[in-house]
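Structure first, commentary second.
The values are calculated or read from the model by the stated rules, or taken from the named source; none is laboratory data. Only a predicted model underlies this, so the values are computations on that prediction, with no experimental measurement involved. Note that we place each Cβ from the backbone using ideal geometry, even for glycine, and neighbour counts take in every protein chain shown.
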Amino acid sequence: MRPSGRNDIFINADAIEVGAQSFMSFLKKDNKIKILFVTTEEVPFAQVGGLGEVMFALPRALRALGHDARVMIPYYGTINKNVFHPDYIFKDLSVPTEPDNGGKGLICSVRMSEKISDSRSPVPTYFLENQEYYETRANIYGYTDDRVRFALFSRGCLEFLNFYRDWTPDIIVTTDWMTGYLPNLLKTDYKDYRNLQNIATLFSIHNLSSQGTVRHHQFLQETERDDGHGSLPDFFSERMLYINAMRRGIIYSDLVNTVSPTYAEEITTVEFGEGLDPLLREKRGRLFGVLNGIDYITNNPETDPYLVKNFSVNSIHCRVENKIALQKRFGLPQDENIFMLGVVSRLVRQKGFELLEPILTDFIKETNAQLIVLGTGDTSIMDIFQKFEKDFPSNIRTHFQFEDTLPHLIYAGCDVLLVPSKFEPSGLIQMEAMRFGAVPIARKTGGLADTIDDYAPETDKGDGFLFTEFKPNALLVAMTRAFVNWRYKERWRELQKRAMIKDFSWNRSAREYIALFKRAIKLHAQDISNYKEKNNGVHNYDTHLGLKN
């Protein structure tokens, strides 16, 4: 299929009125919502971090609730062509690379995979295909032309939707800077496209620090900084290197969310805002936080194939067999009465493990505790743990490579899991660990604060141990509290049970997202009406958004 001509029909005031009325009609009928996630990762096609898991699980949960959720990602060269065979649904799509649809277009195609019958298969997924920018690349990220690659992806998505007649979303969800270009394009270069005018947008922040500029935003000169307003420049221009796609995604989207309520508040402060806190404070009325969920099929201690002994809340006494097996696997003394800590994490500064350096020696000496560390990351952090392992060969073991059989055994075998993060937008590790009965010791920040209730012995309530200040002694106090309470076995078992039964399902998260989608659609409809009233039918999104230049 090849488009014979562009369909950029100008939207006049009457069309705006019709668009607004159609949105309100949609809301009144409470129809199922058509949702398109435009993102860069989706299990099982492409994954680097947790984003791929979220883009697999959340759309599935939305479909289970009766909504039509789909995903669109680039057709990377790393996608296993022997396993996945998406069909062509649109060929020879010319994607402009300059403002106002100027310049020579890059030719793309769109494929689609529809298999959804398998309980572990993804939702219907579209793939934007381009030989030069996706298929010939060995990695998903990390190229000097990543800005071109992902701007092309955002614009290619809109071009596809403009011509495609089989399905049009009610809302597009974009994720992080890589697709922050899309809301910008939709409300500038594509603002007058009749086929796109009714599409609302939600911008989902998973990693605020990375904003799409050629250098980290902290090291840009004032003259290099992007104010975020107006059309994108020519994709191949020098100015494109300094476009802050994170800022633009926030400015131009109907709603913005991040992956926990506490983190949504934190990023409006100087400490956590990564230079965007003034903008986020202006957008506070359209900024929300929704916790991620976890997959209850793969995170199930009753059926997990990697455990030595399966167990449930009602048979939690069987859990100890996994502790003994874990000690045996790592060559540690096998004794259920030794307090055992676990670490399953990327070993980077954000995760806070440097706090252990001045306190762990005394803690091990006083408690004879054991520690298992699984993860990879910064050499400086791994060196800290290696030194401890050398100093305490009967207490500490490290494993600095990924092995998919180990995380769940560690969750099921350790008494506690350490999560002392400096900041944590959501965090999945603590939720997975709690599902297996490992009690979290964590800093009270972001998603950790939203998922863990600090244990109070006077009321016997709570399911973890929190500390507030990012200081070694604060972590030591939390570790000591956990150790002291662990010695009271009956109370500890009840604490574990509370952690195991806590609801971290994607069903809960999906229902919150549905409420956000409906809100975004309503706001988009109101904005369309306001454009007509304030501008006599002329679109000027930068002015209407009410943001300071």
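General observations
- Evaluating V148 against the criteria (1) surrounded by fewer than 24 Cβ atoms within 10 Å (Cβ to Cβ); (2) more than 19 Å from E129 (Cα to Cα) leaves one unmet condition, (2).
- Flag if N198 is touching a residue at least 12 places away in the same chain (Cβ under 8 Å), in contact with a Gly (Cβ under 6 Å, 6 or more places away or on another chain) and surrounded by fewer than 22 Cβ atoms within 10 Å (Cβ to Cβ): yes
- Unmet requirement for Y143, which otherwise passes all of (1) within 24 Å of the chain's Cα centre (by Cα); (2) over 28 Å from F504 (Cα atoms); (3) assigned to a helix (DSSP H, G or I): (3)
- With respect to (1) outside any loop (DSSP other than H, G, I, E, B); (2) modelled with pLDDT of 95 or more; (3) under 30 Å from K444 (Cα atoms), the lone exception for C318 is condition (3).
- S109 being closer than 19 Å to L186 by Cβ and either in a strand (DSSP E or B) or not assigned by TED's automatic domain parsing to the domain that holds A46 (or both): no
- Against the test of being under 23 Å from the mean Cα position of the chain (by Cα), modelled with pLDDT of 95 or more and outside the structural domain of P393 (by TED's automatic domain parsing), the options T298, T303, T268 yield a single qualifying residue, T268.
- Any hit, region 59-66, residues being in the same structural domain as D176 (by TED's automatic domain parsing), more than 17 Å from R508 (Cβ to Cβ) and in contact (Cβ under 8 Å) with a residue 60 or more places away in the chain: no
- For D295, the stated conditions hold: it is in contact with a helix residue (DSSP H, G or I) (Cβ under 9 Å, 6 or more places away or on another chain), acidic (D, E), under 30 Å from R519 (Cα atoms) and buried (at least 18 other Cβ atoms within 10 Å of the Cβ).
Rundown of residues vs (1) free of Cβ contacts under 8 Å to residues at least 40 places away in the same chain; (2) among the aliphatic types (A, V, I, L, M); (3) surrounded by 15 or more Cβ atoms within 10 Å (Cβ to Cβ), yes/no style:
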site	(1), (2), (3)
A478	yes, yes, yes
R487	yes, no, no
Y513	no, no, yes
H524	no, no, yes
D527	no, no, yes
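- Residues satisfying the stated conditions in region 471-488, i.e. under 14 Å from T367 (Cβ atoms) and among the basic types (K, R): R481, R487
- Residue list for region 321-358, restricted to those being at pLDDT 95 or above, hydrophobic (A, V, I, L, M, F, W, C) and assigned to a loop (DSSP other than H, G, I, E, B): F330, L332, I338, F339
- Whether a residue is in the same structural domain as R329 (by TED's automatic domain parsing), modelled with pLDDT of 95 or more and out of contact with any Cys (no Cβ under 7 Å at 6 or more places or on another chain) was assessed, and P457 does not pass this test.
- Of everything in region 146-175 that is touching a Phe, Trp or Tyr at 6+ places or on another chain (Cβ under 9 Å) and part of a loop (DSSP other than H, G, I, E, B), the residue that is nearest to I199 (Cα to Cα) is D170.
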